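Below: the structure, in structure tokens.
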Amino acid sequence: MRNSQQSRSANIFPGGFCSLFARNCFYCTTERSPKNVNKTSANLVNIREKIAEAACRAGRRPAEITLVAVSKTQSVEKIREAADAGQRVFGENRVQEALEKGPALPQGLSWHLIGHLQTNKIRKALNFFELIHGVDSVHLTQAIDRIAAEMKLCPSILLEVNVSGENSKFGFAPASLRASIEELMALQHVRIEGLMTVAPLNSNPESSRVYFAQLREMRDQLTQRTHLPLPILSMGMSGDYEVAVEEGATLVRVGSALFGERRYV
């Protein structure tokens with residue numbers, strides 16, 4: 001990765017940097033997963049270590065990357081295990097599911113909406129989520145802006161880009177976003193913090209690299225053109241988050257690698 005910008009989001013690493021930056025790196029010098037912890041806690045340690053190692057390979061500071069624990073369909077008990085182990089940022093796909101879980105969990109957690117947002121759920125979403133990842137059209141962005149104005153809010157959002165061009169995915173086509181960015185920037189009641197993408201499903205993590213690189217390059221082009229910083233890149237999931245970190249991700253969305261495979265009811 002050529003250049004990296006530090007995320008405004010909360011850091012996930014309480015220790016020092018890797019040996020690339022300092023000799024007393026917490027994650028590079030301590031023992032691996034601790035004994036006598038539950039599976040979720042052990043998975044969390046392992047994921048953090050892998051994020052730190054990927055950051056080191058790319059010449060980045062691990063503190064630039066925030067882990068979003070994807071808790072959709074997971075029980076309150078599972079989420080609490082992760083929270084008790086130090087995880088603070090959680091991602092939900094559905095507004096109603098998040099609203100039902102939130103009151104049963106510790107205060108001080110940060111909730112991100114990572115799924116598609118329907119316009120009829122905007123008002124509820126703005127009251128609960130700190131960051132909305134999947135803003136995928138001019139129409140949706142304008143609707144969020146209008147309702148945020150009514151609520152006297154200025155929510156943080158990410159623009160979802162369908163870099164791969166798959167028909168099954170939501171998101172701006174790259175050309176469409178380039179054509180619309182000035183119109184979106186003119187909105188007064190949203191903060192556009194960066195870009196988000198979902199790479200095509202593939203068993204080989206390396207297959208995602210080209211899409212992550214394209215999103216980073218698109219961010220850099222938009223920043224140069226508009227002078228809007230766009231510091232956040234939300235990309236990478238359980239199967240490819242290490243590659244995403246190497247390509248500049250500041251948020252990685254990890255679910256099954258942390259909680260285990262989901263059980264859909």
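Against the condition surrounded by 15 or more Cβ atoms within 10 Å (Cβ to Cβ), in a loop (DSSP other than H, G, I, E, B) and either of a type outside the set (Gly, Ala, Ser) or without any contact (Cβ under 8 Å) to a residue 60 or more places away in the chain (or both), how does Leu233 come out, does it pass?
Taking the combined requirement at face value, the residue does not satisfy it.
List the number of the failed condition for Ser207; all other conditions in (1) over 29 Å from Asp84 (Cβ atoms); (2) in contact with a helix residue (DSSP H, G or I) (Cβ under 8 Å, 6 or more places away or on another chain); (3) not charged (D, E, K, R) hold.
Ser207 satisfies every listed condition except (2).
Of the numbered conditions (1) over 17 Å from the mean Cα position of the chain (by Cα); (2) in a strand (DSSP E or B); (3) among the hydrophobic types (A, V, I, L, M, F, W, C), Leu195 fails exactly one; give the number of that condition.
Checking Leu195 against (1) over 17 Å from the mean Cα position of the chain (by Cα); (2) in a strand (DSSP E or B); (3) among the hydrophobic types (A, V, I, L, M, F, W, C), the one that fails is (1).
Identify the residue in the range 200-216 that is of a type in the set (D, E, K, R) and surrounded by 15 or more Cβ atoms within 10 Å (Cβ to Cβ) and, among all such residues, is nearest to the chain's Cα centre (by Cα).
Arg216
Quick one: Leu184 ticks every box in (1) in contact with a strand residue (DSSP E or B) (Cβ under 6 Å, 6 or more places away or on another chain); (2) closer than 24 Å to Arg216 by Cβ; (3) buried (at least 19 other Cβ atoms within 10 Å of the Cβ) bar one, so which box is it?
(1)
Restricted to the range 189-239, and to residues that are in contact with a Cys (Cβ under 8 Å, 6 or more places away or on another chain) and of a type outside the set (D, E, K, R), which residue is farthest from Phe259 (Cα to Cα)?
Looking at residues that are in contact with a Cys (Cβ under 8 Å, 6 or more places away or on another chain) and of a type outside the set (D, E, K, R), I get His189.
Could you count how many residues in the range 76-95 are in contact (Cβ under 8 Å) with a residue 12 or more places away in the chain and more than 15 Å from the chain's Cα centre (by Cα)?
Within the range 76-95, residues that are in contact (Cβ under 8 Å) with a residue 12 or more places away in the chain and more than 15 Å from the chain's Cα centre (by Cα) number 12.
Give all pairs with beta carbons closer than 7 Å in which a residue from the range 119-133 that is touching a residue at least 12 places away in the same chain (Cβ under 8 Å) meets a residue that is in a loop (DSSP other than H, G, I, E, B) and among the hydrophobic types (A, V, I, L, M, F, W, C); count only pairs at least 6 apart in sequence or on separate chains.
Ala125/Leu117; Leu126/Leu153; Ile132/Leu117; His133/Ile114
Being of a type in the set (Asp, Glu) and within 17 Å of His133 (Cβ to Cβ) is the filter here; which residues of the range 203-247 pass it?
Once the filter is applied, which keeps residues that are of a type in the set (Asp, Glu) and within 17 Å of His133 (Cβ to Cβ), the range 203-247 yields only Asp240.
Residue check: is Thr73 in contact (Cβ under 8 Å) with a residue 60 or more places away in the chain, among the polar types (S, T, N, Q) and touching a Lys or Arg at 6+ places or on another chain (Cβ under 7 Å)?
Answer is yes for this residue.
Check Met218 against each of (1) touching a Pro at 6+ places or on another chain (Cβ under 9 Å); (2) under 20 Å from Arg61 (Cβ atoms); (3) of a type in the set (A, V, I, L, M, F, W, C) and name the one condition it does not meet.
So Met218 meets the others, but not (2).
Taken together, the values in this text are just the output of simple stated rules run on the coordinates, not laboratory data. Just so we're clear, the structure is a prediction, and the values are computed from it rather than from any experiment. Every residue, glycine as well, gets a Cβ built from its backbone with ideal geometry; the counts of neighbours run over all protein chains shown.
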